[in-house]
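Data block below; observations after.
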Protein chains: 2
Amino acid sequence: MTRRSSELLFTSIAQVSRLLQRKEISSLELVDAVLLRIEERNPKAHAFITVLGDQARRAAKSADRAMQRSKPRSPLYGIPISLKDNFWTKGIRTTAGSKILAKFVPEEDSDVARKLAATSAIVVGKTNMHEFAYGITGENPHYGSSRNPWDGHRISGGSSGGSAVAVASGMGFASLGTDTGGSVRIPAALCGIVGLKPTYGLVSAAGVVPLSVSFDHVGTLARSVPDACIVFEAIAAPYPRGHARPNWRKLSNRWSHKPRIGWPRNFFFERIEPEVRDAVETAARQFESLGADIREVRLPHVADLIDRATNLVIAEASHYHESQGYYPRFASKYGKDVRGLLAWGHELRAVDYLNSFAAGETILKDFEAAFEHVDAIIAPTSPIVAPRLGEGEIRVAGERETKVRAELLRMTRPSNITGMPAISIPCGFTKQGLPIGTQLIGPRWSEARLLHIAAAYEESTDWHARHPD
Amino acid sequence: MTRRSSELLFTSIAQVSRLLQRKEISSLELVDAVLLRIEERNPKAHAFITVLGDQARRAAKSADRAMQRSKPRSPLYGIPISLKDNFWTKGIRTTAGSKILAKFVPEEDSDVARKLAATSAIVVGKTNMHEFAYGITGENPHYGSSRNPWDGHRISGGSSGGSAVAVASGMGFASLGTDTGGSVRIPAALCGIVGLKPTYGLVSAAGVVPLSVSFDHVGTLARSVPDACIVFEAIAAPYPRGHARPNWRKLSNRWSHKPRIGWPRNFFFERIEPEVRDAVETAARQFESLGADIREVRLPHVADLIDRATNLVIAEASHYHESQGYYPRFASKYGKDVRGLLAWGHELRAVDYLNSFAAGETILKDFEAAFEHVDAIIAPTSPIVAPRLGEGEIRVAGERETKVRAELLRMTRPSNITGMPAISIPCGFTKQGLPIGTQLIGPRWSEARLLHIAAAYEESTDWHARHPD
């Protein structure tokens, strides 16, 4: 690939869209460049389960022809993107990263696939994922583990690992993922890109192979805040009255109001790697220098209750797999980790499930109380950077060994329980060159403000401009 | 007691209210007559756990004085009634029929106790009930089993057994009960009175010791449809737009529209005692002779799914008792039957609980489909009349032995799962002289129509005019 086409693959969606509209490039050329990149990178990266070469090229040609007649309405028009392989796509197999659905070809599109089709974005493939989205590492025994683009011996994070790798490596301009406990934000943070998990229910999850229906969120992975915003706008439902809909054209580094950003005294800065803490503290200072007002907030109950609240996810996941007749019938077809989680949920008692609701309510109240004083909360996305492939346990900040899975989920789970939006943005690199992400968490329906705050930070730094080789 | 005061105790609320307003009788005289009746009957009947003699007399005196100054606004003004002992009453012990709460004195009133107080109805006592409302027979190992007023060797039905016995025997003019699986309608049917379970949520259950919060309904027990309506009006929340609020003054045997009454081909007339079936069929013909249009309706899934849907109740009950620290800590303080049910719910799995929701949804759809064609459905309230005390198993219609508990609940549970209103009204007696009840079930918020239909039937028969000795 020439230097020019490589640069092109990392250009912003807005810029590529302008190039397309000025006819400086065609959608077919873009798609071909992306497909070539996938051909080069995917065998090692394991970012895609299914690449839609011919279909994507046909769609690009058709988009190019249509553009001769009329000006496109969406900035996604003709832009190559990807979908996690748990979004139903009509006539295209949808494995959810599993062996059980290895031959499943949906007869209908998921709601978001339909909405993206309406923008004439070009889907170049279905991305690799943790089996049934039920894991946070992106390691997959059936389709190969997606590899971290900054260090191929490390995990991408998951479950939307393939989506993060694809976007970080220039194999498409954005991707759709799902986030039930952190599955968009974690791989985004570990791969050095932007991951947005919106307010619960704001993006339809109809036609998504579910993990836990009460906590599944459709989210977007992109290389910049405006790119994430463009994709989000295409798939979001209307906002309730009184809440602004985000508009990527209005994101800028100028804040009309000085945002109040909460620095949590509890939970989020406990037991994290020093380099991660330093990077997030530096980010907070950067926000301050941009005019934000940083205030301490308290979230006194999250640490004690988050495990209990997560029982809800475990039970719902097992219920889904049992109601579909997948588990325990085809138990041997699952990877070991997912089978173990399903067995756990299978035995969970109803009284504990009901008890978990109260835990979730208390966590929600903690956040609601904090958001009476601040517009957003800043926190690490993960207490650690990308661990090595196969690493089951880890020492965080030199303390006793804990499970990688638990550590990676620790900072993201609360926003799935509360349904509040959160965005992970790059905020630095370790000395080893691994990306670090910081989260901004907001109250429900506050995506417009959250994206606005994040965009100003992004414009004032150049973390997002770095790309892996 | 003189003949006159005995007749007085069985007079309608509307008529007694008129006597009070005309000063032909005072509230104190009424209360004294009721307290005397309780003194005579309660030692054998076990209708009350707590009798509020002095307090009721004080309240009556105060009501009589106030009536000198201004005309009462409610027909319940000065009328002696009772409350099931699971309604919180400020300063008055509220046992919920249990040993565990034997000394529990609430510091606040339940919402309905407060609403009744606003009418100046006089609460003469807290009625006996199945322990924690968790049983349908009314047998109680701690406070004695409430006895059927038509045959003292038989059960009253439960869990609002004391309320039904009190009302049927002239120990008060109406009573409030709760109905989670049939606990208002079953004792009403077995004791020969009217029991109304309204639409879920229409009467506040705040301050009621819960059995299963998603299915608990506060209902009314009375000797006639207008009496039940008067009490219901006093405690019901406002109706959603487009739904008429019942008005006891407008109940009459004249129907402005010919009601369409559904006769279920499935579930409700399977395996019931011949005398019960005959009585309900006769009632249906009576409705027809009054001008109703009787149509067959289908409820194809109820029979198969009702047991599964009921898991929801079992799990919620165990969750409540565990969250309060009652179970398993004080397991030995429960009666054997309730302890057994709590142990069952304790072990119920979350996946089965979640599965039960789908069962409930399907049952709801069956009823919704039926209510596209009819205004109400007629059915037996119970497939059997009152069994003997202590009888654990029974042969229904000569078939194999089944559990009394399961048989009594069989016809009433669906309306708790759907949240749809249902009223049980007397429709005859067996040759042995035991009362038979028939249910009218309507779509949500249809109480006005349901009461209207029931009142016309009641006026055209004299079943409700019979009283036990």
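Quick notes on this structure:
- Restricting the stretch B:307-323 to residues that are under 26 Å from the mean Cα position of the chain (by Cα) and surrounded by fewer than 21 Cβ atoms within 10 Å (Cβ to Cβ) leaves a set whose member that is nearest to the other protein chains (Cβ to nearest Cβ) is B:308.
- Consider the stretch A:1-25 and keep the residues that are polar (S, T, N, Q) and farther than 20 Å from residue A:230 by Cβ. The one that is surrounded by the most Cβ atoms within 10 Å (Cβ to Cβ) is A:5.
- Test: residue in the stretch B:383-395 that is over 20 Å from residue B:281 (Cα atoms), open to solvent by less than 10 Å² (accessible area, probe 1.4 Å) and of a type in the set (D, E, K, R): no
- Picking from residues in the stretch A:340-363 that are more than 17 Å from residue B:323 (Cα to Cα) and within 24 Å of the chain's Cα centre (by Cα), the one that is surrounded by the fewest Cβ atoms within 10 Å (Cβ to Cβ) is A:341.
- Within the stretch A:262-301, considering residues that are of a type in the set (Val, Ile, Thr) and under 22 Å from the mean Cα position of the chain (by Cα), the one surrounded by the fewest Cβ atoms within 10 Å (Cβ to Cβ): A:272
- Residue match in the stretch B:41-58 (condition: under 26 Å from residue B:109 (Cβ atoms), open to solvent by 30 Å² or more (accessible area, probe 1.4 Å) and hydrophobic (A, V, I, L, M, F, W, C)): yes
Conditions tested, residue by residue: (1) closer than 19 Å to residue B:138 by Cβ; (2) free of Cβ contacts under 8 Å to residues at least 12 places away in the same chain; (3) basic (Lys, Arg); (4) in a loop (DSSP other than H, G, I, E, B).
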| residue | (1), (2), (3), (4) |
| --- | --- |
| B:408 | yes, no, no, no |
| B:428 | no, no, no, no |
| B:440 | no, no, no, no |
| B:445 | no, no, no, yes |
| B:448 | no, no, no, no |
| B:453 | no, no, no, no |
| B:457 | no, no, no, no |
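- Restricting the stretch B:59-84 to residues that are surrounded by fewer than 15 Cβ atoms within 10 Å (Cβ to Cβ) and in a loop (DSSP other than H, G, I, E, B), the residue that is farthest from the chain's Cα centre (by Cα) is B:70.
- Just one residue in the set A:418, A:461, A:412 is among the polar types (S, T, N, Q) and surrounded by fewer than 24 Cβ atoms within 10 Å (Cβ to Cβ); that residue is A:461.
- Hits in the stretch B:340-366 - residues which are away from chain A (no Cβ under 11 Å) and of a type in the set (Lys, Arg): B:365
- Of the candidates B:119, B:137, the single residue that is hydroxyl-bearing (Ser, Thr, Tyr), at pLDDT 95 or above and either open to solvent by less than 10 Å² (accessible area, probe 1.4 Å) or more than 15 Å from the chain's Cα centre (by Cα) (or both) is B:119.
- Check on residue A:100, farther than 23 Å from residue A:28 by Cβ, of a type outside the set (Phe, Trp, Tyr) and open to solvent by 10 Å² or more (accessible area, probe 1.4 Å): yes
- Hits in the stretch A:376-397 - residues which are under 18 Å from the mean Cα position of the chain (by Cα), in a loop (DSSP other than H, G, I, E, B) and among the β-branched types (Val, Ile, Thr): A:381, A:384, A:385
- Selection over the stretch A:205-259 of residues that are out of contact with any Phe, Trp or Tyr (no Cβ under 9 Å at 6 or more places or on another chain) and among the hydroxyl-bearing types (Ser, Thr, Tyr) gives a count of 3.
- Residue A:66 meets the conditions (1) over 18 Å from residue A:221 (Cβ atoms); (2) among the small types (Gly, Ala, Ser); (3) touching a helix residue (DSSP H, G or I) at 6+ places or on another chain (Cβ under 8 Å) in every case but one. The failed one is (3).
- Restricting the stretch B:85-96 to residues that are free of Cβ contacts under 8 Å to residues at least 60 places away in the same chain and open to solvent by less than 30 Å² (accessible area, probe 1.4 Å), the residue that is nearest to residue B:140 (Cα to Cα) is B:95.
- Taking the stretch B:324-339 as the range and being open to solvent by 50 Å² or more (accessible area, probe 1.4 Å), touching a residue at least 12 places away in the same chain (Cβ under 8 Å) and within 14 Å of another protein chain (Cβ to nearest Cβ) as the test, only B:328 passes.
- Here residue B:256 fits the description: among the hydroxyl-bearing types (Ser, Thr, Tyr), free of Cβ contacts under 8 Å to residues at least 40 places away in the same chain and not in a strand (DSSP E or B).
- When each of A:373, A:452 is tested for being open to solvent by 10 Å² or more (accessible area, probe 1.4 Å), within 23 Å of residue A:200 (Cβ to Cβ) and more than 20 Å from the chain's Cα centre (by Cα), the lone residue that passes is A:373.
- Of all residues in the stretch A:210-218, none satisfies being open to solvent by less than 20 Å² (accessible area, probe 1.4 Å) and farther than 29 Å from residue A:326 by Cβ.
- Boolean, residue B:430 is within 23 Å of residue B:246 (Cα to Cα) and not basic (Lys, Arg): no
- Tally of residues being farther than 30 Å from residue A:469 by Cβ and either open to solvent by less than 10 Å² (accessible area, probe 1.4 Å) or among the charged types (D, E, K, R) (or both) across the stretch A:421-445: 4
The values are calculated or read from the model by the stated rules, or taken from the named source; none is laboratory data. Fair warning: this is a prediction, and the values are worked out from it, not measured in the lab. Backbone-built Cβ (ideal geometry, glycine too); neighbour counts: all protein chains shown. For accessibility, only protein heavy atoms count, side chains too; no ligands or nucleic acids. Shrake-Rupley method; radii C 1.70, N 1.55, O 1.52, S 1.80 Å.
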